[in-house]
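Since the structure comes first, as structure tokens, the remarks are kept for the end.
The values are calculated or read from the model by the stated rules, or taken from the named source; none is laboratory data. Here the structure is a predicted model, which means the values were calculated and not measured. Positions of Cβ are backbone-derived with ideal geometry, glycine not excepted, and every protein chain shown enters the neighbour counts.
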Amino acid sequence: MKKKIAIIGAGIAGLTLANLIKKNSDYDFMLYEKQESLSLDEGYGIQLSTNSIKILNTIGFDKIDNNKIFHPIGVDFYNIQNKKICELDLTQFNTIENKHTTLQRSTLIEFLKDNVYTQHLRFGKKIKEVSELKGKVLIKFDDNTNDLVDIVVGADGIFSNTRSFFEKKKNEPKFKKAIALRTILKTKSELKIDEQRISIMMGKNCHIVIYPLNQNKELNLVCIIRDNKYDPDNIKSLVSRVVAQNSDLEKIFEGELKSWPLYFTTKIHPSTNSKVFYIGDAFNGFLPTLAQGAGQSIESAYELFNLIKEDKEDIQKAYYQERLRRAKIVRRRSNFNFFVFHFSSTIMQVIRNFFMKFLIKKKSFIGSYLGTVYKR
Ligand SMILES: Cc1cc2nc3c(=O)[nH]c(=O)nc-3n(C[C@H](O)[C@H](O)[C@H](O)COP(=O)(O)OP(=O)(O)OC[C@H]3O[C@@H](n4cnc5c(N)ncnc54)[C@H](O)[C@@H]3O)c2cc1C
């Protein structure tokens with residue numbers, strides 16, 4: 001009998017898993033999404049490093065319209081006064097087929113939805129109840145439909161509701177006391193930056209990331225600012241704290257700004273049910289300071305898919321061990337970047353800049369700090 005898989009949540013993780021199953025196996029599967037549609041209007045950008053591009057290429061990402069994506073060849077680091085500190089060559093991690101890529105999240109979701117949209121995606125579905133029946137899991141949804149499946153995959157993001165049905169231990173994400181602001185710059189930013197590359201400007205309790213999104217010269221801007229409380233009505237005062245450090249930055253915040261509080265997962269717990277798995281942010285939510293959230297969502301889907309396909313014994317243990325190992329590597333680096341990008345003391349900034357200039361040229365250091373994440 002064919003195994004049946006229910007994937008809960010149609011974000012990057014759930015859609016990637018669905019594509020892998022559709023393309024490379026004959027398992028029966030269904031994606032259940034709580035929203036009434038996929039949010040394609042979210043214009044914000046994501047970076048995909050080579051570790052995730054390599055996986056996406058196995059499901060046809062290499063055929064995507066090149067006008068909709070960009071391949072930045074480096075990262076330039078600046079202080080908040082727009083003075084360059086050093087640069088990182090990203091091409092050292094690229095191969096001919098797999099290149100560091102930036103794009104709009106909606107472009108990636110459009111690509112991922114194409115193969116699964118009509119047959120394998122159901123909207124407006126929220127789990128109401130779960131139970132075990134004849135060695136399978138019976139899922140009842142709140143619209144009174146149900147599904148009997150062999151495997152349940154929670155891909156419903158950092159606040160995973162799936163967890164609450166299968167796990168006794170709560171794993172509440174924690175507010176990082178930082179807020180992310182996003183906008184798209186449609187015209188030249190007027191900063192002294194190379195707009196073909198990724199620019200990171202580090203200031204007191206904040207940093208700004210700017211990168212091209214496509215071949216239309218649209219730039220994605222993210223600004224992370226430390227603050228104890230998230231108040232969507234207080235965005236102006238957050239911006240003013242950044243602009244106070246460099247008045248030339250005022251212009252880049254003139255467009256429509258969206259804001260998010262930053263959350264992260266504190267502890268990584270395995271699933272306590274052998275038929276239930278978590279992927280993407282539902283497994284572990286990272287800080288965005290290594291730009292690996294989407295990448296790890298794609299990786300976790302790939303790891304789980306391979307284990308299911310091989311049909312090995314104790315998939316749960318194998319999945320958790322490998323995912324935990326990878327998540328720890330990424331988490332350490334994301335947390336460390338968050339710490340060093342935001343120094344408020346001038347002395348600490350000077351020391352940081354000195355070490356960055358030195359270490360960024362050291363192949364062995366870059367190989368172990370970034371290569372371990374990007375080359376897989
Ligand atoms: C400011 C910021 C910048 C970022 N920048 C980058 C970057 O540059 N590069 C990068 O790789 N990552 C980045 N990320 C992270 C990345 O966006 C996420 O890690 C990634 O989208 C997680 O994917 P996911 O599929 O696990 O979860 P989500 O994208 O959260 O998707 C979960 C899906 O499940 C659905 N859902 C939720 N609850 C239920 C339910 N009960 N039942 C059914 N469905 C449900 C949701 O509607 C949604 O469709 C960034 C994140 C932030 C906050």
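Is there a residue in the stretch 186-204 that is under 22 Å from G285 (Cβ atoms), among the small types (G, A, S) and either surrounded by fewer than 18 Cβ atoms within 10 Å (Cβ to Cβ) or at pLDDT below 95 (or both)? No.
Here N246, N205, N220 are screened, and the one residue that is at positive phi and either in contact with a strand residue (DSSP E or B) (Cβ under 8 Å, 6 or more places away or on another chain) or acidic (D, E) (or both) is N205. When R376 is tested against (1) part of a loop (DSSP other than H, G, I, E, B); (2) over 30 Å from Q104 (Cα atoms), only condition (2) is not met.
Given the criterion of a type outside the set (G, A, S), touching a Cys at 6+ places or on another chain (Cβ under 6 Å) and farther than 30 Å from I8 by Cβ, identify the matching residue among I198, I225, I184.
Values: I198 fails: touching a Cys at 6+ places or on another chain (Cβ under 6 Å); I184 fails: touching a Cys at 6+ places or on another chain (Cβ under 6 Å).
Testing whether each residue is of a type outside the set (G, A, S), touching a Cys at 6+ places or on another chain (Cβ under 6 Å) and farther than 30 Å from I8 by Cβ leaves just I225.
Just the residues that are of a type in the set (S, T, N, Q) and within 26 Å of S160 (Cβ to Cβ), please, taken from the stretch 19-57. Walk me through it before giving the result.
Step one: filter the stretch 19-57 for residues of a type in the set (S, T, N, Q), giving 19, 24-25, 35, 37, 39, 47, 49-52, 57.
Listed by number, the residues that qualify are N19, N24, S25, Q35, S37, S39, Q47, S49, N51, S52.
I need the full set of residues from the stretch 6-37 which are buried (at least 19 other Cβ atoms within 10 Å of the Cβ) and within 7 Å of the ligand (Cβ to nearest atom), in order please. Within the stretch 6-37, I8, G9, A10, G11, I12, A13, G14, Y32, E33 meet the criteria.
When the residues of the stretch 234-257 are filtered to those that are out of contact with any Gly (no Cβ under 9 Å at 6 or more places or on another chain) and outside any helix (DSSP H, G or I), which remaining residue is nearest to K204 (Cα to Cα)? Among those that are out of contact with any Gly (no Cβ under 9 Å at 6 or more places or on another chain) and outside any helix (DSSP H, G or I), it is A244.
Looking at the stretch 169-185, which of its residues are away from the ligand (no atom under 13 Å from the Cβ), under 21 Å from K236 (Cβ atoms) and surrounded by 14 or more Cβ atoms within 10 Å (Cβ to Cβ)?
Keep residues of the stretch 169-185 that are away from the ligand (no atom under 13 Å from the Cβ), which gives 169-172, 174, 177, 184-185.
Among the residues that remain, those that are also under 21 Å from K236 (Cβ atoms) are: 177, 184-185.
The answer is I184, L185.
Within the stretch 21-33, is even one residue free of Cβ contacts under 8 Å to residues at least 40 places away in the same chain and not in a strand (DSSP E or B)? Looking through the stretch 21-33, at least one residue is free of Cβ contacts under 8 Å to residues at least 40 places away in the same chain and not in a strand (DSSP E or B). In summary, helices (runs of 4 or more DSSP H) completely within the stretch 51-168 and bearing 3 or more residues that are within 13 Å of the ligand (Cβ to nearest atom) and under 19 Å from F29 (Cα atoms) occur at 105-113.
Residues of the stretch 271-298 that are within 19 Å of the chain's Cα centre (by Cα) and within 19 Å of F29 (Cβ to Cβ): F277, Y278, I279, G280, A282, F283, S297, I298.
Could you count how many residues in the stretch 302-324 are acidic (D, E), within 25 Å of M1 (Cβ to Cβ) and under 19 Å from the mean Cα position of the chain (by Cα)?
Of the residues in the stretch 302-324, the ones acidic (D, E) are 303, 310-311, 313-314, 322.
Within this subset, residues satisfying the condition of being within 25 Å of M1 (Cβ to Cβ) are 303, 310-311, 313-314.
Now drop any that are not under 19 Å from the mean Cα position of the chain (by Cα), which leaves 303.
Of the residues in the stretch 302-324, 1 are acidic (D, E), within 25 Å of M1 (Cβ to Cβ) and under 19 Å from the mean Cα position of the chain (by Cα).
Contact map, the stretch 154-172: first residue among the acidic types (D, E), second residue buried (at least 19 other Cβ atoms within 10 Å of the Cβ) and part of a helix (DSSP H, G or I), Cβ cut-off under 8 Å, separation 6 or more or different chains; pairs are D156/G14; D156/T162; D156/A282.
For Q47, the conditions (1) assigned to a loop (DSSP other than H, G, I, E, B); (2) closer than 23 Å to C223 by Cβ all hold with the exception of (1). Quick check: is even one residue across the stretch 355-367 touching a Leu at 6+ places or on another chain (Cβ under 8 Å) and part of a helix (DSSP H, G or I)? Looking for residues that are touching a Leu at 6+ places or on another chain (Cβ under 8 Å) and part of a helix (DSSP H, G or I), one finds at least one in the stretch 355-367, hence yes. Within the stretch 279-297, being more than 6 Å from the ligand (Cβ to nearest atom), closer than 19 Å to K176 by Cα, part of a loop (DSSP other than H, G, I, E, B) and in contact with a helix residue (DSSP H, G or I) (Cβ under 6 Å, 6 or more places away or on another chain) holds for F283, N284, F286, L287. None of L213, L262, L219, L257 is without any contact (Cβ under 8 Å) to a residue 60 or more places away in the chain and within 14 Å of the ligand (Cβ to nearest atom) except L219.
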